[in-house]
Amino acid sequence: MNLSDVVVCNGPMVTASRKAARLTQESLAEAADLSVRVVRKAESGEAVRFSTLVTIANVLNQNGVAVRAGDLCTDPVEVVKAFVEAYRSHEAEMVSQIRHLLSEDLTTFVAGDPLIIPFAGVFHGPDGLTDFWRRFFGIVERYDKSALNLQYFVRGPEVVAYGTEKARIKGHSTDEPSWLCLKFDVSGGIITRFEDYFDTQSAQRYLQEFRSREDLVE
């Protein structure tokens with residue numbers, strides 16, 4: 001991105017970072033040699049030059065808040081929503097749709113006992129995320145793809161998506177929605193960590209039952 005580019009600010013991130021640095025709008029403006037009007041524009045989510053955000057980020061870093069200019073012009077919730085939409089529409093093949101939003105050093109953590117749940121554990125990089133989804137959809141089916149209802153909560157670069165979807169272990173009949181909690185770390189518009197906390201206890205019980213039936217068939 002060029003310093004002269006005009007970008008839309010991530011207003012909540014600018015505000016949260018300023019407060020974390022214990023600066024007022026006036027003191028931030030003075031330290032960055034900007035007008036208070038420009039700082040207010042940034043915090044309102046309006047457009048400014050990227051060079052302005054570089055200057056603001058430098059001041060914030062000098063005051064103990066580790067942040068990059070890219071973080072101040074990217075809405076982490078929109079990045080996560082793009083991830084969720086790719087999951088909704090493309091399931092196991094989702095990574096190819098949003099690879100540009102994934103860090104090459106992405107860490108994926110999936111809750112559960114790997115001895116019971118084959119897709120639980122830690123996966124590395126975008127290819128690791130693909131491996132996880134293929135294991136996941138080898139066992140789980142989303143029988144109502146429209147029934148994915150999430151709320152989004154954000155705190156700085158951390159985003160949590162919490163809600164329900166209609167998914168079940170293959171071979172298990174249920175119409176009950178399952179709960180899930182997805183946690184993301186977003187830096188500079190890129191997802192660096194993804195954590196999947198679903199209804200782990202129920203999933204482990206269903207998988208044990210599923211494997212018991214498989215053993216009987218064999």
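The values are calculated or read from the model by the stated rules, or taken from the named source; none is laboratory data. In this text the structure is predicted, and so the values were computed from the model without any measurement. Using ideal geometry, Cβ is built from the backbone for each residue, glycine included, and neighbour counts are taken over all protein chains shown.
The residue of the stretch 1-52 that is nearest to the chain's Cα centre (by Cα), among those that are at pLDDT below 95, surrounded by 15 or more Cβ atoms within 10 Å (Cβ to Cβ) and outside any helix (DSSP H, G or I), is N10.
Of all the residues that make up the stretch 59-117, how many are closer than 30 Å to A31 by Cβ and in a helix (DSSP H, G or I)? Within the stretch 59-117, residues that are closer than 30 Å to A31 by Cβ and in a helix (DSSP H, G or I) number 13.
Scanning the stretch 116-132 for residues that are crowded, with 20+ Cβ neighbours inside 10 Å and at pLDDT below 95, we see that the one that is farthest from D185 (Cα to Cα) is I117.
Of the residues making up the stretch 139-152, one or more are touching a strand residue (DSSP E or B) at 6+ places or on another chain (Cβ under 6 Å) and under 26 Å from A47 (Cβ atoms). Taking A147, is it modelled with pLDDT under 90 and either crowded, with 16+ Cβ neighbours inside 10 Å or part of a helix (DSSP H, G or I) (or both)? Answer is no for this residue.
Whether a residue is within 30 Å of G11 (Cβ to Cβ), touching a Pro at 6+ places or on another chain (Cβ under 7 Å) and at pLDDT below 85 was assessed, and V154 passes this test.
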